Amino acid sequence: MISLAVANPGSLIQSVDWVAIAPPLIAAVAALAVLVTDLFLPERHKKWLGRLTAAGLALALIALLPLTGGSPRATFCVQNVAGATDSAGCSYVADHFALVFQLLALGGALIAALLSVHTVDQEKLPRGEYWFLLLSSATGAALLPASRDLATMVIALEVASLPAFALVALRRDGRGAEAALKFFVSSVTATAVMLLGIGFVYAASGSLHLGAVAQGLEHAPGQLKPLAEAGAVLTLVGFAFKVAAVPFHFWVPDTYTGAPLPVAGYLSVVGKAAGLSGLALATTIAFRPYAHTWGLALAVLAAGTMTVGNVGALRQRFDTRYSAVRLLAWSSVGQAGYLLVPLAAAGYAPTGVDPLGATAAYALIYGVVNLGAFGVVAAVGRRAGTSVDDFRGLFARNRWTALALAFFLLCLAGLPPGVVGLFGKVVVFRAAVDAGLGWLAVVMAVNVVIALYYYLLWTARLFAPADAEAAVEGGGERRLPVSLTATLGLTATAAVVLSVAPQLVLQVAGGSLF
């Protein structure tokens, strides 16, 4: 007879820290509530689903407050993980790093939800499916920064990605299906490569928990080191795809163009934040023994990404259909290069120096102004179109919308009065210089100058004299829908406040993130 008794049965049972997991849990519960409510709600009342989505995301953001100001909270822990110290054996850790990126993910999803209200009605998208998919993707994006083992990170990444494929495909004009197919095929390929890499890493280290992986790789036998190094490289491919780093960026312009505008804005901020947090966790914790190797790789990746993104935006014709969206898409690729600079610097930083605060600060700034820019494009696209030339003379038709877009573009360019954008670029530039990556700082400076051209060219069109035909067509454009007004007001106010007091970003993202 086989005895299944264990010496200490209580050790197999652990309590769950519900406060720690509340932010992604609330988003998940809201997604289920929307899905069930959609089944019983009459069609004429389904507008309430958007309000329920916004309320769920707002509640998830509020759930971050009890986690601030104290020590990190961990749950789902395994006590016998080799080399585990403090929370190294835990699968979920709500530390400062996780809270900053959960703020970005849930806040970005809330702004995208506000932006979506008008689009869902205008394009007659299926309401229940749209809001459920948006909340589901936001749940995965909020879970990823708190994940501390490779298995949970993969699950969170796929929970964030799979609903995004469907969101892109919801537009029924043919372009949505094509964009979703490109997005899906390239993403699945990247995920397959990443899973292969994780298998290699597990074989070499004997663990999936990030802290234990680092110790396992450091003491791995010599014959397993090539396997471990190959696994580390393949694992980073999946996260690099989500960040839209070169050469994994090719899906971005077509996907953003084919997706509904709020979904494109969501992918440019929340999707990028999820990939960036996963990349930061994998490199700085799990693959710390290979710091100089991945530091150089990320530096090259950052230089290539910002260069390809800005040159692609520079070559974009302003008179083509959807050129405004494609310009923002290429711009987001270039901005991804800037976001990778502090991660590359982390590979060269001496002990005790944490440049990841620069990445978090710049990601928060970029998230606010980029979603605001997508909001203005959505507002103008209601009456005119989404080519850059459609914005000519916007100041004469709707001065507050034009001023908001001009401010967002100046923030992205890093020019006053968009002080917060300049502040973010200086922080990233300093991280590269402090890490001894002078050549990368030079590449970044050159790219900032390149980006100034197309940002200023678009800004100049806002104040140029409008064509007579455009002036007549825009003459009746007096009032924006409430949801678009709220989106532009929220993002513009946040950008102005941060430009007046940029130290607020450092207070949120400052200090050691781990």
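The values are calculated or read from the model by the stated rules, or taken from the named source; none is laboratory data. Not measured: the values here are computed from a predicted model. Reconstructed Cβ throughout: ideal geometry from the backbone, glycine too, with neighbour counts over all protein chains shown. For the accessible areas, the whole protein counts, side chains as well, though only heavy atoms, and no ligand, DNA or RNA atoms are used. Shrake-Rupley method; radii C 1.70, N 1.55, O 1.52, S 1.80 Å.
Take the residues of the stretch 88-128 that are part of a helix (DSSP H, G or I) and of a type in the set (D, E, K, R): which is nearest to D17 (Cα to Cα)?
So the first thing to find is which residues in the stretch 88-128 are part of a helix (DSSP H, G or I), and the list is 96-122, 127-128.
Those still in the list that are of a type in the set (D, E, K, R) too: 121, 127.
On the way: D121: 39, R127: 33 Å.
Top of the filtered list is R127.
Can you tell me which residues in the stretch 236-260 are open to solvent by 10 Å² or more (accessible area, probe 1.4 Å) and either touching a residue at least 60 places away in the same chain (Cβ under 8 Å) or part of a helix (DSSP H, G or I) (or both)? Talk me through it step by step, then tell me what you get.
To start, the set of residues in the stretch 236-260 that are open to solvent by 10 Å² or more (accessible area, probe 1.4 Å) comprises 236-237, 242, 246-251, 254, 257.
Selection gives L236, V237, K242, V246, F248, H249, F250, W251, D254, T257.
When you go through L356, L394, L343 one by one, which is the residue that is modelled with pLDDT of 90 or more, in contact with a Leu (Cβ under 8 Å, 6 or more places away or on another chain) and aliphatic (A, V, I, L, M)? Steps first, answer last, please.
On the way: L356 fails: modelled with pLDDT of 90 or more; L394 fails: modelled with pLDDT of 90 or more.
Among L356, L394, L343, only L343 is modelled with pLDDT of 90 or more, in contact with a Leu (Cβ under 8 Å, 6 or more places away or on another chain) and aliphatic (A, V, I, L, M).
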*Please specify each residue of the stretch 278-290 satisfying the condition of being in a helix (DSSP H, G or I) and either touching a His at 6+ places or on another chain (Cβ under 6 Å) or open to solvent by less than 10 Å² (accessible area, probe 1.4 Å) (or both).*
G278, L279, A280, L281, A282, T283, A286
*So, in the stretch 316-365, of the ones that are more than 18 Å from W251 (Cβ to Cβ) and of a type in the set (D, E, K, R), which residue ends up least open to solvent (accessible area, probe 1.4 Å)?*
D354
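Select from the stretch 212-230 the residues that are part of a helix (DSSP H, G or I) and open to solvent by 20 Å² or more (accessible area, probe 1.4 Å) and list them in ascending order. Let's see the steps before the verdict.
Going through the stretch 212-230, the residues part of a helix (DSSP H, G or I) turn out to be 212-218, 222-230.
The answer is Q215, E218, G222, Q223, L224, K225, P226, L227, E229, A230.
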*Conditions: (1) surrounded by fewer than 20 Cβ atoms within 10 Å (Cβ to Cβ); (2) under 28 Å from E218 (Cα atoms); (3) not aliphatic (A, V, I, L, M). S147 meets all but one. Number of the miss?*
(1)
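Per-residue answers, yes or no, for (1) at pLDDT 90 or above; (2) exposed (fewer than 14 other Cβ atoms within 10 Å of the Cβ); (3) under 25 Å from the mean Cα position of the chain (by Cα):
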residue: Q14; (1), (2), (3): no, yes, no
residue: A55; (1), (2), (3): yes, no, yes
residue: G69; (1), (2), (3): no, yes, yes
residue: R73; (1), (2), (3): no, no, yes
residue: S91; (1), (2), (3): no, no, yes
residue: L104; (1), (2), (3): yes, no, yes
residue: G107; (1), (2), (3): yes, no, yes
residue: L115; (1), (2), (3): yes, no, yes
*Residue check for G436: over 20 Å from the mean Cα position of the chain (by Cα), open to solvent by 40 Å² or more (accessible area, probe 1.4 Å), over 21 Å from L276 (Cα atoms) and touching a residue at least 40 places away in the same chain (Cβ under 8 Å)*: yes
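So which of V263, V233 ends up being part of a helix (DSSP H, G or I), out of contact with any Lys or Arg (no Cβ under 6 Å at 6 or more places or on another chain) and surrounded by fewer than 24 Cβ atoms within 10 Å (Cβ to Cβ)?
Working: V263 fails: surrounded by fewer than 24 Cβ atoms within 10 Å (Cβ to Cβ).
Going through V263, V233 in turn, the sole match is V233.
Would you mind finding the one in G421, G414, G367 that is under 23 Å from Q316 (Cα atoms), at pLDDT 90 or above and not aromatic (F, W, Y)? Full working, then the answer.
On the way: G421 fails: at pLDDT 90 or above; G414 fails: at pLDDT 90 or above.
Exactly one of G421, G414, G367 is under 23 Å from Q316 (Cα atoms), at pLDDT 90 or above and not aromatic (F, W, Y), namely G367.
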_Of the conditions (1) within 16 Å of the chain's Cα centre (by Cα); (2) among the basic types (K, R); (3) in a loop (DSSP other than H, G, I, E, B), R171 satisfies every one except a single condition; which number is it?_
(1)
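Conditions tested, residue by residue: (1) touching an Asp or Glu at 6+ places or on another chain (Cβ under 8 Å); (2) of a type in the set (V, I, T); (3) open to solvent by less than 60 Å² (accessible area, probe 1.4 Å).
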{"site": "A378", "(1), (2), (3)": "no, no, yes"}
{"site": "T386", "(1), (2), (3)": "no, yes, yes"}
{"site": "W400", "(1), (2), (3)": "no, no, no"}
{"site": "L403", "(1), (2), (3)": "no, no, no"}
{"site": "F407", "(1), (2), (3)": "no, no, yes"}
{"site": "F429", "(1), (2), (3)": "no, no, no"}
